[in-house]
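> What follows is a single structure, and I will ask about it in a moment.
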C-alpha cells in the first residue's frame, strides 16, 4: 500500500549547472588536481571496516610520515578542511587556563589565536607586522615572559607569502618545556619542512595546496610529547569529532598515547566516524607522487618555479611584495609556493584579476586583511609548480596590467 | 643553486595498493555511489571565490531544502562526516549550563549525549531500551521535569533499525519553548521526513547513506528559531570550524540570524574555509537525482525494497529483529532504509558476514553495543534500495546461513 504524502515541491530543482569553466588555479589554493589524483576520487567505494580499506589507511599514514619527515606514530588525515586540522591541534593541546603564546603576523596565525581563545587559553599574543616573521629572540622573550605550555606559529603564511624561520625554535621550546604547533597548510610538500629535526610537536596541512589533492581532507601529526599531554589531560577534549584519542582508536589503535608504545598484535579498530574513502584514495595518490618524485626534488621544483616567477615579474616591471631575502631553507623569507606580488600604485588589483579570469581562465587572488588591494597572491603549488605555468602567467599578466591602466 | 637536504626515506612508499575488491555495500553505510554521482567527484576543480562555484553552492542549498522539506534559509553542507554535522548542532545550540534533554535508545543517540556533556550542558538523559522509541508521554514528562532549551533525538537509529515516532513531538517542544534537534543520518532521502511540518529546529544527515553520495560532506538545516538562539548566545560557540554564523557568512551572507530576514543585494561572501568542491559536486548530483525521481517516489522505492526484504527473510527462515509495527510514516516502527535482522540462536553472526563478503563481495554489518552478535544490519539505501539487490542478498544469505551452521 502506497502512503500519500504532502510533499512541497517549492525547492525541487530539476536541472543542474554543468558548464563550469576550466580554470588554471594559480591563487593560494585550491590548486588544480593532478589527473592521476582526480581519477582516484572516483575509485569505487568500500566499507570503513573492510580489511582492504585498512591497508589503504595504513599505507596513507606511512606516506604522510614521509611527507612530514617524521616518525610520529599518530599521523592521520582529518576529515575536514585545513581549518579543522588547525582546530584539532588547538582543541587537543589546550586545556582551559593553559598559558599559550600565539605568534601572529598574518590572517591564519590570527585565526589560530581566535580559536585558542574559544578553548579558554590564557593567551599572550605576540603581534608582528604582516609580511614579517618571528626571530629567535621574539620566541625566547615570549617563552620567558609567559611560561606557555603551547606556542603556535604559521610556517607558510598564505596571506603574506612569508616563510617563518624555523632554525632553533623547536629546541628553544623544548628547553622551556613548551609544545610547538606549526601550520604548514600552504607549504608542506612544496617547501622543505622537517617535523622531527625541527622538534615540532603538532603540525598539519591541507589536501588542496602543495599536494594537488582535494580539499576536505587534512593531514596532521602529533609528536609523542603532544600525545602524552593529551593522554594526561584533566578535562575531556571540548570537541568530540576532533578528539585525537578517539580518532586514534580507529586509525592506530595499537598506539598508546600515554607512553608512546605500540601494541602487537594490533587491537581491534574502534569506529569513530565514516572516513571519506574517495578523499583518502586521492590524498594517497597525491603523496605517492611525491614519494615517486622524491620530496627534495618536489621542493626544488617549487623553488625553480618561484625563481622563474620572480625573474618574469621583473621582466614586465613588477616585483614580489617581500624584499629578496636569505633563501636558506630554515631561515625566514619568501615562501616559494605562494608569492605576494606588489600592485603598482594607481592600478586596480581587481581589474587585473578579472582580466586574467575572463580572458584566460587564470585565477590569481587578491590580498587579505592589511594587504587588501596592495598585493596579488600567486600560488605555484604541487602539480601547478612548473615552468609552463610561469611562462603563461607572466605573458598574460603583462597584457592584463597594460589593459587595466 | 640547489640546496642539500637531509631527507629521511624511512617512510617513503613506492607503490600503492590498487586492487580494491568491488563490494556491494548493504551495511549501514557507506552505500555504493550511483555512477552519476561517482563521476561528479572528478569534475574539474574550481576556486572557492569563483562566481560559477557560487551558483553551484546556491543550487545545492536549494536542493537540500527540498530534501529536508523545509524553507529554512540556513541549509548548508558541513565539510565533514555526519558526526561533524551532529557536533555543529550541539556546539551552536548549547551554551554552558543550558538544560538539555537527550533521548537515548541506541548508539547514535548516546553519541549526542556524550557530545552535549562536553559542551557543558545540564543534561537529563532519558534512557529507553535499545530497539524501542520514545512516546509523546516520554517527551512531555521530560519537558515538564527538566524545562530544557533543547531536546535531542535520533529519527533513524542505525544501531537498532528503529524509526522514531515524530507525530506531535515538534508541537509539544514548541509549547514548552524548547528547540528540537533530530538526527536523520540513516534515513533522510529514504524515509519520509518533514522538517517544517514536524517543527524540527535542527536536522542533519550524511552524504553516504540514503543519498548514495560520498562520505565527508553532511547536509544540515537550522530553523529561524534555532538561528535566533545562536544569534543571541551570551558566549561564543566553543567550536570555530563549526560556528554556524561564520559558516553562514560564506554560504548565505544575505541571511540575518537574529531576525530571519534576507538582505538584497547579497553582501560579499566572507571566506571561512576551503569547501570541498568535489564533494559538493557529488552531493548536488545525488540530490538532483532525488529531485528528478520525486522524493515521494524515492521513499516508496525504499519502502518496497524493505518489504521485499522482510518477505525474503521469512522465506529463508529469518526475520527482522523488530516486531512488525504500524507503518504509518510519522509513527514509530521499523526503519525502511536499515533493517536489523535477528541472528538465529547458536549461529555465529560473523561467520555469515565473512561468507557473504569472501564469496560474493556483499557487505552487511553486525550489531553494535547491546546488539552485538544478536543482529545483522542490512542497509538498502539510496541507489542500493532496489529489488535486484534484495533478490541477490536473500539468495546469498540463505547459502551463507546453511554454510555457517
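> Between the range B:234-252 and the range B:274-328, what's the alpha-carbon centroid distance in Å?
32 Å
> Considering only DSSP beta bridges with both partners in the range B:106-192, what is the antiparallel share in %, to the nearest 5?
Working: 2 of 8 bridges.
Here the antiparallel bridges make up roughly 25 percent for the range B:106-192.
> Note down the Stokes-Einstein diffusion coefficient of the range B:142-256 in µm²/s, whole number, using a Kirkwood radius over alpha carbon pairs, 37 °C, and 0.692 mPa s. Show your work: numbers first, answer last.
Values: Rh = 15.4 Å.
Once the numbers are plugged in, D ends up at 213 µm²/s.
> Mind checking A:75-88 for the average number of partner chain beta-carbons within 10 Å of each residue's beta-carbon? Walk me through the numbers on the way to the answer.
Values: counts 1, 0, 0, 2, 9, 10, 8, 3, 7, 7, 1, 3, 4, 1.
Going residue by residue through A:75-88 and averaging, the value is 4.
> With springs only between Cα atoms under 10 Å apart, run a GNM on chain A and tell me which of A:164, A:114, A:40 wobbles the most.
Comparing A:164, A:114, A:40 in a Gaussian network model of chain A, the most mobile one is A:114.
> Rounded to the nearest 500 deg cm²/dmol, what is the calculated helix-only ellipticity per residue at 222 nm for the protein assembly as shown, with -39500 (n - 2.57) per DSSP H run of length n ≥ 4? Walk me through the numbers on the way to the answer.
Details: 24 runs with 302 residues, N = 810.
Result for the protein assembly as shown, helices only: -11500 deg cm²/dmol.
> Is the shape of the range B:114-160 best called rounded, prolate or oblate, per the rule: a/c under 1.5 gives rounded, else a/b larger than b/c gives prolate, else oblate, with a ≥ b ≥ c the square roots of the Cα gyration tensor eigenvalues? List each step's numbers first, then the result.
Working: a/c = 2.26, a/b = 1.19, b/c = 1.90.
Oblate.
> I've got another one for you. Please give the peptides A:345-353, B:379-387, A:232-240 ranked by average Cβ packing (other Cβ atoms within 10 Å per residue), highest first, as a rough proxy for protection.
Working: A:345-353: 14.7, B:379-387: 24.0, A:232-240: 16.4.
My ranking of the peptides, most packed first, is B:379-387, A:232-240, A:345-353.
> Then there's this: Using the eigenvalues of the Cα gyration tensor, what equivalent ellipsoid semi-axes result for the range A:35-288 when each is taken as the square root of five times the eigenvalue, whole Å, largest first? Could you put the intermediate results ahead of the total?
On the way: eigenvalues 172, 88, 46 Å².
With the √(5λ) rule applied to the range A:35-288, the semi-axes are 29, 21, 15 Å.
> Other chains' Cβ within 10 Å of B:276-283 residues: what's the mean? Intermediate results must be reported in sequence, preceding the final value.
On the way: counts 13, 7, 12, 8, 2, 4, 3, 0.
Mean shielding count: 6.
> OK, next. Given all pairs of different Cα atoms, what value in angstroms does the Kirkwood hydrodynamic radius of the protein assembly as shown take?
Details: mean 1/r = 0.0368 Å⁻¹.
It is 27.2 Å.
> Which three numbers, in whole Å and largest first, are the semi-axes of the equivalent ellipsoid of the range B:261-405 derived from its Cα gyration tensor as √(5λ)?
On the way: eigenvalues 277, 70, 49 Å².
Each semi-axis is the square root of five times an eigenvalue, giving 37, 19, 16 Å.
> Rounded if a/c is under 1.5, else prolate if a/b beats b/c, else oblate: with a ≥ b ≥ c from the C-alpha gyration tensor eigenvalues square-rooted, which is the range A:363-403? Working shown, then result.
Numbers: a/c = 3.81, a/b = 1.28, b/c = 2.98.
It is oblate, given that a/c is not under 1.5 and a/b is not larger than b/c.
> Same structure again: Ranked highest first by the average count of other Cβ atoms within 10 Å around their residues, in what order do A:366-374, A:268-276 fall?
Numbers: A:366-374: 16.2, A:268-276: 18.6.
Peptide ranking by packing, descending: A:268-276, A:366-374.
> Taking the alpha-carbon centroid of each part, what is the distance from the range A:143-186 to the range A:46-123 in angstrom?
Taking the Cα centre of the range A:46-123 as reference, the centre of the range A:143-186 is 15 Å away.
> Shifting gears a bit: What Kirkwood hydrodynamic radius do you get for the range B:1-132 when you take the inverse of the mean 1/r over all pairs of distinct Cα atoms, in Å? Intermediate results must be reported in sequence, preceding the final value.
Details: mean 1/r = 0.0498 Å⁻¹.
Evaluated over the range B:1-132, this radius sits at 20.1 Å.
> State the extension gain, in nm to one decimal, for the chain segment bounded by residue A:325 and residue A:232, taking 0.36 nm per residue of separation less the distance between their alpha-carbons. Intermediate results must be reported in sequence, preceding the final value.
Working: separation 93, 0.36 × 93 = 33.48 nm, distance 4.23 nm.
Gain on extension, residue A:325 to residue A:232, equals 29.2 nm.
> For chain A, what proportion of DSSP beta bridges, expressed in % and rounded to the nearest 5, is antiparallel? All intermediate terms of the calculation are to be shown ahead of the outcome.
On the way: 21 of 41 bridges.
That works out to approximately 50 percent antiparallel.
> Show me the ranking of peptides A:8-20, B:48-60, B:215-227 by mean Cβ neighbours inside 10 Å, starting with the highest. Present the calculation step by step, with values, prior to reporting the outcome.
Details: A:8-20: 13.5, B:48-60: 17.7, B:215-227: 26.4.
Taking the mean over residues of other Cβ atoms within 10 Å, the ranking is B:215-227, B:48-60, A:8-20.
> Which log10 I(q)/I(0) values, to two decimals, does the range A:216-324 give at q = 0.14, 0.22 Å⁻¹ under the Debye formula with one point per Cα?
So the normalised log intensities work out to -0.81, -1.22.
> If the elastic network links every pair of Cα atoms under 10 Å, which of B:285, B:175, B:62 fluctuates the most in the Gaussian network model of chain B?
B:175
> Per residue of B:212-223, how many C-beta atoms from partner chains lie within 10 Å of its own C-beta, taken as a mean?
Mean number of neighbouring Cβ atoms from other chains: 3.
> Continuing with this model, one more query. Contact order normalised by length for chain B, with contacts defined as Cα pairs under 8 Å and 6 or more residues apart; what percent is it? Write down the numbers at each step before the final one.
Details: 809 pairs, mean separation 91.3, N = 405.
Result for chain B is 23 percent.
> Got a sec? How would B:34, B:73, B:44 order by Cβ neighbour count within 10 Å, fewest to most?
Working: B:34 19, B:73 23, B:44 16.
Least to most surrounded, the residues fall as B:44, B:34, B:73.
Values in this text are rule-based calculations from the coordinates and carry no lab data. This structure is a prediction, so every number in the text was calculated from the model and none was measured. Reconstructed Cβ throughout: ideal geometry from the backbone, glycine too, with neighbour counts over all protein chains shown.
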